[in-house]
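> Below is one structure. I have some questions about it.
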Amino acid sequence: MRHITPIRHSTRIARIAGIATLVVAAAFTGTGTALAHGTGAAAADQKVDGVIVVAGNSCSWTNASTSAAAPAALTVDRTTINTPGGNLACGGGIAASLNNNPAFTFDDAAGTARTDLIDITGRQSFISCRYKATNIVWDRDGASRKYVNRAFTAAKTSGSFLCPGSVTTPVGDASMLFR
């Protein structure tokens, strides 16, 4: 007879909290390797790439479409992030999907960007958690179009009783790069 070590309840809750944080942070994170273009970027360059690593798991996508080039006010098209139209992929058995088209505004003089709302769902096995975060502020990294998050908290709006009621993403755990 094969012996299977049971997963402790505290381990399961910690993993769910990690999933929730990953899902929220994965909403808008950017790679540091892509090149940012100036404000005169061509329509073909109205894209955002993303990657995040939380609790040893990684979510990433490339070439998500935006409605304009930063620093103009813009929205991100969730259908170009979520599969099958996009290539959002996560490690660790996590699946994520963005439920809205987030709007961004930029203040170049202050070196900041603001997101109105991120509504995202994360799933692992049979557990599904949906979270919303509002008025997220991002700080520009130098003169590039890479932005790094300020700390924010997302509230659970639906999902399993195993999902935490809220998750906090610390400063610098998410970033995004418009190109």
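> Condition first: open to solvent by 20 Å² or more (accessible area, probe 1.4 Å) and among the β-branched types (Val, Ile, Thr). Now tell me which residues in segment 57-70 satisfy that.
Hit for segment 57-70 is Thr62, nothing else.
> Now for a separate question. Within segment 127-162, can you find the residues that are buried (at least 23 other Cβ atoms within 10 Å of the Cβ) and in a loop (DSSP other than H, G, I, E, B)?
Once the filter is applied, which keeps residues that are buried (at least 23 other Cβ atoms within 10 Å of the Cβ) and in a loop (DSSP other than H, G, I, E, B), segment 127-162 yields only Arg145.
> Among the numbered conditions (1) open to solvent by 70 Å² or more (accessible area, probe 1.4 Å); (2) part of a strand (DSSP E or B); (3) modelled with pLDDT under 90, tell me where Val167 comes up short.
(1)
> Hey, could you check segment 170-179 for residues that are among the hydrophobic types (A, V, I, L, M, F, W, C) and in a loop (DSSP other than H, G, I, E, B) and say which is surrounded by the fewest Cβ atoms within 10 Å (Cβ to Cβ)? Before you say what the answer is, go through the steps one by one.
First pass over segment 170-179, keeping only residues among the hydrophobic types (A, V, I, L, M, F, W, C): 171, 174, 176-178.
With the extra rule that they be in a loop (DSSP other than H, G, I, E, B), the set shrinks to 171, 174.
On the way: Val171: 11, Ala174: 27.
This residue is Val171.
> Looking at segment 117-135, is at least one residue touching an Asp or Glu at 6+ places or on another chain (Cβ under 8 Å) and charged (D, E, K, R)?
yes
> Oh, and also: Within segment 101-126, take every residue that is open to solvent by 20 Å² or more (accessible area, probe 1.4 Å) and in contact with a helix residue (DSSP H, G or I) (Cβ under 7 Å, 6 or more places away or on another chain) and give me the one that is nearest to Val48 (Cα to Cα).
The residue in question is Asn101.
> For segment 96-126, what are the residues that are over 12 Å from the mean Cα position of the chain (by Cα) and assigned to a strand (DSSP E or B)?
The answer is Ala103, Phe104, Thr105, Phe106, Asp107, Thr112, Ala113, Arg114, Asp116, Arg123, Gln124.
> Just wondering, is there one or more residues in segment 71-81 that are buried (at least 19 other Cβ atoms within 10 Å of the Cβ) and of a type in the set (Gly, Ala, Ser)?
no
> Right, something else. For residues in segment 65-103 being of a type in the set (S, T, N, Q) and free of Cβ contacts under 8 Å to residues at least 24 places away in the same chain, which is farthest from Arg130 (Cα to Cα)? Before the answer, list the steps.
Of segment 65-103, the ones of a type in the set (S, T, N, Q) are 65-67, 75, 79-80, 82-83, 87, 97, 99-101.
Filter once more, so that each one left must be free of Cβ contacts under 8 Å to residues at least 24 places away in the same chain: 65, 67, 79-80, 82-83, 100.
On the way: Ser65: 23, Ser67: 25, Thr79: 18, Thr80: 20, Asn82: 15, Thr83: 17, Asn100: 12 Å.
Out of the qualifying residues, it is Ser67.
> Name the pairs: first residue in segment 139-154 and farther than 14 Å from Thr115 by Cα, second residue at pLDDT 90 or above and in a loop (DSSP other than H, G, I, E, B), Cβ to Cβ under 7 Å, at least 6 apart or on different chains?
From residues that are farther than 14 Å from Thr115 by Cα, the pairs are Arg145/Ala70; Arg145/Arg179.
> Quick test of your reading of the structure: Val148 fulfils all but one of (1) modelled with pLDDT of 95 or more; (2) within 17 Å of Ala109 (Cα to Cα). Name the failing condition by number.
Evaluating Val148 over (1) modelled with pLDDT of 95 or more; (2) within 17 Å of Ala109 (Cα to Cα) leaves (1) as the failure.
The values are calculated or read from the model by the stated rules, or taken from the named source; none is laboratory data. Here the structure is a predicted model, which is why all the values come from computation and not from measurement. Because the Cβ atoms are built from the backbone with ideal geometry, glycine has one as well, and the counts that use them run over all protein chains shown. Note: areas computed on protein heavy atoms with side chains; ligands, DNA, RNA excluded. Shrake-Rupley method; radii C 1.70, N 1.55, O 1.52, S 1.80 Å.
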